[in-house]
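Asks: Below is a structure I'd like to ask you about.
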Amino acid sequence: ITVSGMGSVTSKIVVRLKGLSHTYPDDLDVLLTGPAGQKLLLMSDAGGGGDINGVTFTFDDAAAATLANSSQLATGTFKPSNYGTGDTFAAPAPAGPYASALSTFTGANPNGTWNLYVVDDASGDSGTMSGGWELTITSGTLLKAADVAALEEAVTGGSLGEDGP
């Protein structure tokens with residue numbers, strides 16, 4: 001996905017894999033790369049051997065849980081989920097190490113090419129992603145901690161007036 005015309009830095013990323021089917025999801029490794037060279041393992045070795053058919057996974061750092069390690073997977077919203085180590089992707093995907101949270105993209109310029117690499121790391125099974133993938137970028141100027149402290153002081157320090165705003 002090529003992003004252009006966004007004028008400020010990334011403050012949040014959400015990724016959606018739509019219509020994912022696979023006969024052994026534990027074999028799937030999914031890598032997202034950003035335009036500044038960031039690389040995040042969205043999912044790896046999750047779900048065990050239970051077939052999935054047409055599920056949609058939404059990856060969001062604010063989700064309540066990760067994908068299940070070895071039990072049946074279902075449509076839902078999850079934190080990036082990596083079980084195991086040693087995941088590798090063939091070129092042109094970049095080599096590890098890979099980040100484990102979508103916040104790895106926070107503060108970067110969102111403009112440029114975003115890539116999604118999907119690999120089945122074992123033979124004998126198959127899968128598809130019939131709905132493709134979607135990237136939702138929230139952008140805005142990020143405040144430094146000192147700016148936030150000054151803003152909090154202005155709000156709580158009475159500068160809004162005794163009678164309120």
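Asks: May I ask you to compute the full-extension gain from Asp61 to Ala90, defined as 0.36 nm times their residue separation minus their alpha-carbon distance, rounded to one decimal in nm? Before the final figure, lay out the partial values.
Replies: Numbers: separation 29, 0.36 × 29 = 10.44 nm, distance 2.66 nm.
Gain in length upon complete extension: 7.8 nm.
Asks: Taking the radius of gyration and the Kirkwood hydrodynamic radius from Cα positions alone, what is the Rg/Rh ratio for the stretch 1-86, to two decimal places?
Replies: Values: Rg = 13.8 Å, Rh = 13.8 Å.
That ratio equals 1.00.
Asks: What ³J(HN,Hα) values, in whole Hz, does the Karplus curve 6.51 cos²θ - 1.76 cosθ + 1.60 give for the stretch 19-28 when θ = phi - 60°, with x put for Gly and Pro?
Replies: x, 7, 10, 6, 7, 7, x, 4, 7, 7
Asks: Something else now. If the chain between Gln72 and Ser4 were fully stretched, how many nm would it gain, using 0.36 nm times the residue separation less the Cα-Cα distance?
Replies: 20.7 nm
Asks: Hey, another quick one. Roughly how many Å² of Met6 are accessible to a 1.4 Å probe, to the nearest 10?
Replies: 50 Å²
Asks: Once you put a point 7 Å from the Cα of Ser100 and another 7 Å from the Cα of Arg16, both along the Cβ direction, what distance in nm separates them?
Replies: Taking the two extended label points, one gets 2.8 nm.
Asks: Let me know the charge dipole size of the stretch 25-147 about its Cα centre in debye, to the nearest 20, where only the beta-carbon of Lys, Arg (+1) and Asp, Glu (-1) is charged. List each step's numbers first, then the result.
Replies: On the way: 3 positive and 13 negative charges, 102 e Å.
For this selection, approximately 480 debye.
The values are calculated or read from the model by the stated rules, or taken from the named source; none is laboratory data. This is a predicted model, so every value here is computed, not measured. As a convention, Cβ positions derive from the backbone with ideal geometry for all residues, glycine included, and neighbour counts pool all protein chains shown. With ligands, DNA and RNA removed, areas are computed over all heavy atoms of the protein, side chains included. Shrake-Rupley method; radii C 1.70, N 1.55, O 1.52, S 1.80 Å.
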